[in-house]
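A short write-up of the structure that comes next.
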Amino acid sequence: MSLSWIPPADRLSALPPYVFARLDELKARAREQGLDLIDLGMGNPDGATPQPVVDAAIAALQNPANHGYPPFEGTASFRRAITDWYQRRYDVELDPDGEALPLLGSKEGLGHLAMAYVNPGDLVLVPSPAYPAHFRGPLIAGGKIYPLLLKPENDWLIDLASIPDAVAEQAKILYFNYPNNPTAATAPREFFEEIVAFARRYEILLVHDLCYAELAFDGYHPTSLLEIPGAKEIGVEFHTLSKTYNMAGWRVGFVVGNRHIIQGLRTLKTNLDYGIFAALQSAAETALRLPDMYLHEVQARYRARRDFLIQGLANLGWDVPKPKATMYLWVPCPPDTHSTDFALSVLQQTGVVVTPGNAFGSGGEGYIRISLIAEQDRLQQALNRFQQANIRYSSSLVSPQKS
Ligand SMILES: *Cc1c(COP(=O)(O)O)cnc(C)c1O
């Protein structure tokens, strides 16, 4: 007997389909057909977790003190490692008791923050395109999304001046993320100053996702929201160990900033989970305390891949700007092609998986996102296949619009 006649709650039907899940089905089908897939679709780092972190996890596993329920607010020593790390990387001072909360990955916290703060009907400002959790959390909570369209002519920065006064006055939360997924854009410090002033003026809770802060290149050092005076009164910042430390499967992230906002999230979470396995918190602490040399190695790897792929795409007619951070290239589709059609045709013709920009909201239409998550020999193979299938920026099928 099937229970398919019992429908899930309405909050699930409010969600647009998760494009990554659909992409997974298509990948599975392509694999069945024997295609050798080069998967540059997900933001799933391909490297191994640093050995000292693995060693620390093994040692912590052997300690029975770690085997029980961990403390709700995370272990004191991991919280201390988080605030020390903020001091070291951003010169920001935080209280480990109340201004830092470990999370089961930042996606969990980003989603639950919306459950903790958004009432049905509340207005939430979210860029388009955006990382899906930034709008899916508020949608699950019953919020209304007001999309902030990001545009190339504005360097993919939020155009705060374009937000109508009435909207700003009604808005409760603003989610944002620089260095940005998916556009790979970065924001200057002045932008952070403007957005803090905006949020203070309209009394909006600011949620910044700084998950790519350490994947920055060529001497660029991203800004933390909390560096801006007054930001801590209205904002929080999310981080993850997934990208920087190749720990996506470990599910370790954290949020820092305003203690009242964090307290609200913590109250919700005490009803839903017990936090991260203490042995993993101990390993995560080791990661945050690794010498900067480790970060430089990771940065060098992504930078080399970035330069290699940008050059290869240039040979195929693409003019892709060089991002100062993240593990992505944000690549325009050939003129007059939709991002989903283009991504699917690339997959079918070449076995290379890229993400259609509209997976991140309609503001991503006309672009694909390529993740730098393969070694250069695989990237070269992808380029070769593009060449063979005549996948270029401006094909003879379409009228060339711009060079
Ligand atoms: C990858 C990613 C995350 C998710 O990180 P987890 O800690 O693994 O949940 C959060 N935000 C952005 C923008 C991301 O790209």
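The values are calculated or read from the model by the stated rules, or taken from the named source; none is laboratory data. Computed from a predicted model, the values in this text were never measured in an experiment. Every residue, glycine as well, gets a Cβ built from its backbone with ideal geometry; the counts of neighbours run over all protein chains shown. The area values use the complete protein model at the heavy-atom level, side chains included, leaving out ligands, DNA and RNA. Shrake-Rupley method; radii C 1.70, N 1.55, O 1.52, S 1.80 Å.
When the alpha-carbon atoms of segment 9-134 are used, the pair Rg, Dmax equals 20.0, 54 angstrom. The mean sequence distance of close C-alpha pairs (under 8 Å, at least 6 residues apart), as a share of the length of segment 251-403, puts its relative contact order at 21 percent.
Between amide H atoms placed 1.01 Å from N, distances below 5 Å from Y328 occur with L372, all of them 5 or more places distant or on a separate chain.
Label separation (N271 vs K144): 2.5 nm, computed from points 7 Å beyond Cα along the C-beta direction. Subtracting the Cα-Cα distance of E203 and Q349 from 0.36 nm times their residue separation leaves 47.6 nm of extension gain. Applying a DSSP loop filter and a limit of 16 other Cβ atoms within 10 Å to the GluC sites (Glu not before Pro) in segment 273-368 leaves E365. Excluding ligands, DNA and RNA, the accessible surface per residue across segment 52-288 is 37 Å² with a 1.4 Å probe. Scalar couplings 3J(HN,Hα) for segment 51-64, obtained by applying the Karplus form with A = 6.51, B = -1.76, C = 1.60 to θ = phi - 60°, are 4, x, 6, 4, 4, 5, 5, 4, 4, 5, 4, 6, 9, x Hz; x denotes Gly and Pro.
When segment 52-288 is described by a simple charge dipole with +1 on each Lys and Arg Cβ and -1 on each Asp and Glu Cβ, the residue from N258, I234, L103 located farthest towards its positive end is L103. When nucleic acids and ligands are ignored and a 1.4 Å probe is applied, E169 ends up with an accessible area of around 120 Å².
Candidate cross-link partners of K322 among the aspartates and glutamates, defined by an alpha-carbon separation under 12 Å and a same-chain spacing of 8 or more, comprise D218, D307. Between the amide H of I38 and those of V352, V353, distances stay under 5 Å, these residues lying 5 or more places away or on another chain, with hydrogens modeled in the peptide plane. With the highest mean first, a sort of the peptides 328-339, 63-74, 133-144 on other beta-carbon atoms found within 10 angstrom per residue produces 133-144, 328-339, 63-74. On full extension, the segment bounded by R11 and Q62 gains 14.2 nm, given 0.36 nm per residue less the C-alpha separation. Once the Kirkwood radius over Cα pairs is known for segment 255-329, the Stokes-Einstein relation at 37 °C and 0.692 mPa s delivers a diffusion coefficient of 200 µm²/s. Dividing the convex hull volume of the alpha-carbon atoms in segment 52-288 by its residue count gives 114 Å³ per residue. For the chain, averaging the sequence separation of C-alpha pairs within contact (under 8 Å, six or more residues apart) and dividing by the residue count gives a relative contact order of 23 percent. Each listed q (0.22 Å⁻¹) maps to a log10 I(q)/I(0) for segment 8-47 from the Debye sum over equal C-alpha point scatterers, namely -0.80. Within the same chain, aspartates and glutamates fewer than 8 places from K232 are excluded, and of the rest, those with a Cα less than 16 Å from its Cα are D91, E93, D95, D97, E99, E193, E194, E203, D209.
Projected onto its three principal axes, the C-alpha set of the chain covers 61, 61, 54 Å, listed from the longest axis down. Among the chymotrypsin sites (Phe, Trp or Tyr not before Pro) in segment 1-68, those placed in a DSSP loop whose Cβ has at most 14 other Cβ atoms within 10 Å are W5, Y18. Residues of segment 284-312 with the amide nitrogen closer than 15 Å to a label point 7 Å from the Cα of Q387, along Cα-to-Cβ, please. Residues passing the 15 Å test: 308-312. Roughly how many percent of the accessible protein surface of the chain is carbon and sulfur, given a 1.4 Å probe and a whole-percent answer? Heavy-atom surface of the chain belonging to carbon and sulfur, 1.4 Å probe: 52 percent.
Longer than 27 Å from Cα to Cα, which of K151/K324; K27/K172; K27/K324 are they? Say none if no pair is. Those over the limit are K27/K172; K27/K324. For the chain, the 222 nm mean residue ellipticity estimated from helices alone, with every DSSP H stretch of n ≥ 4 adding -39500 (n - 2.57) and the total spread over all residues, rounds to -12000 deg cm²/dmol.
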